[in-house]
Amino acid sequence: PRVNRARHALDLYYVEDCETQLAPGVWGIREPVPELCEPGRLEDIECVMAPGIGFDIYGGRLGYGGGFYDRLLNSLSPAQARVAVGLCFELQVVHEVPRGFFDAGVSIICTEANLIDYR
């Protein structure tokens with residue numbers, strides 16, 4: 001995904017070569033270069049690696065405050081094989097993170113010590 005600040009959303013792209021098709025984006029995180037990538041399609045998503053500051057033992061995810069991944073995850077249809085994976089360190093897993101109405105959780109948390117599957 002690539003952050004689209006104007007739409008306050010993530011734009012999707014197919015990336016075949018991480019060395020040539022990615023460049024530092026809004027927060028210095030490597031993102032697809034639109035001119036070098038084919039646009040992605042929401043209906044093709046099978047798995048989302050969702051970043052976060054923290055995750056809880058119920059699959060709750062505390063993001064970075066922009067709501068970009070919440071919007072992406074909430075836009076996936078229930079018919080899709082939706083798997084959202086939170087990758088983090090064990091110390092980022094807490095008992096409970098604050099959650100709002102539109103906050104999307106993850107179905108799997110993967111740390112260096114555990115794999116928690118909520119599916």
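Brief remarks on what is shown
- Theoretical ellipticity at 222 nm over the chain - DSSP helices of four or more residues, -39500 (n - 2.57) apiece, nearest 500: -2500 deg cm²/dmol
- When the chymotrypsin sites (Phe, Trp or Tyr not before Pro) in the range 58-115 are filtered for DSSP coil states and for at most 15 other beta-carbon atoms within 10 Å of their beta-carbon, the remaining sites are TYR58, TYR64, PHE89, PHE101, PHE102.
- Restricting attention to the chain, close to 60% of DSSP beta bridges with both partner residues there are antiparallel.
- Seen from every direction in turn and averaged, the convex hull around the alpha carbons of the range 1-111 projects onto 7.4 nm².
- A cut-off of 5 Å between modelled amide H atoms, ignoring neighbours fewer than 5 places along the same chain, links MET49 with VAL85.
- Solvent-accessible area per residue, Å², over the range 1-117 with all protein chains present [probe radius 1.4 Å]: 63
- Each Lys and Arg contributes +1 and each Asp and Glu -1, all at the Cβ; summed about the Cα centre of the chain, the dipole is approximately 460 debye.
The values are calculated or read from the model by the stated rules, or taken from the named source; none is laboratory data. Keep in mind it's a predicted model, so treat the numbers as computed, not measured. Quick reminder, even Gly has a Cβ in these numbers, built from the backbone with ideal geometry, and neighbours come from all protein chains shown. Accessible surface is based on the protein model in full, side chains and every heavy atom, while ligands, DNA and RNA are left aside. Shrake-Rupley method; radii C 1.70, N 1.55, O 1.52, S 1.80 Å.
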